[in-house]
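Chemist: Next up is a structure, given as C-alpha cells.
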Ligand SMILES: [Zn+2]
C-alpha cells in the first residue's frame, strides 16, 4: 500500500488511546486502522486523489528542472531512482484508494 505512518489516536471501537496505522496515498489519508482491535475507517478519496495525482504529475517536470539547475551532477546520478513515475508505487496507491472507497461504501450501506 502507499505510505504508512503511525499515531496514537482514540479508537471509537476500543474506546481507548491506541496505536493506529495511517495509510496515505500521496498526501491523502485513506485508511486509519487500530492496531489493537483492527477496527479501520476507510475514506473515499478517489476524486481528490485523481486531482492530487494530476497536480503531482504536472508539477514534476518543473520540480525536476529546478533540481537539475541546482545540482546537475547529483540530479543525473539520482535519475534511475527518481524517474518521473514510479509505476509500482502508483499501482499500490490506486489499489489502496479504490479498495478503501469500496469499503467506505459498504460501511455506509445500512442493508449490508
Ligand atoms: Zn481499537
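Chemist: How far, in nm, would the chain grow between residue 17 and residue 92 when pulled straight, counting 0.36 nm per residue and subtracting the alpha carbon separation?
Modeler: Between residue 17 and residue 92, full extension yields an extra 24.1 nm.
Chemist: Using the 2.2 N^0.38 Å rule of thumb for compact globular proteins, work out how the range 3-99 stacks up: its C-alpha Rg over that value, please. Write out the running numbers ahead of the final one.
Modeler: Values: Rg = 17.4 Å, N = 97, 2.2 N^0.38 = 12.5 Å.
Taking the Cα Rg and dividing by 2.2 N^0.38 Å, one obtains 1.39.
Chemist: Follow-up. With labels modelled as points extended 7 Å from the Cα through the Cβ direction, what inter-label distance (nm, one decimal) is found for residue 43 paired with residue 106?
Modeler: With each label placed 7 Å out from Cα toward Cβ, I get 2.1 nm.
Chemist: Give me the number: length gained by fully extending residue 57 to residue 99, i.e. 0.36 nm times residue separation minus the C-alpha to C-alpha distance, one decimal in nm. Numbers along the way, then the final one.
Modeler: Working: separation 42, 0.36 × 42 = 15.12 nm, distance 2.24 nm.
Between residue 57 and residue 99, full extension yields an extra 12.9 nm.
Read the figures in this text as sums done on the coordinates, not as results from a lab. Because the structure is predicted, anything quoted here is derived from the model rather than measured. Backbone-built Cβ (ideal geometry, glycine too); neighbour counts: all protein chains shown.
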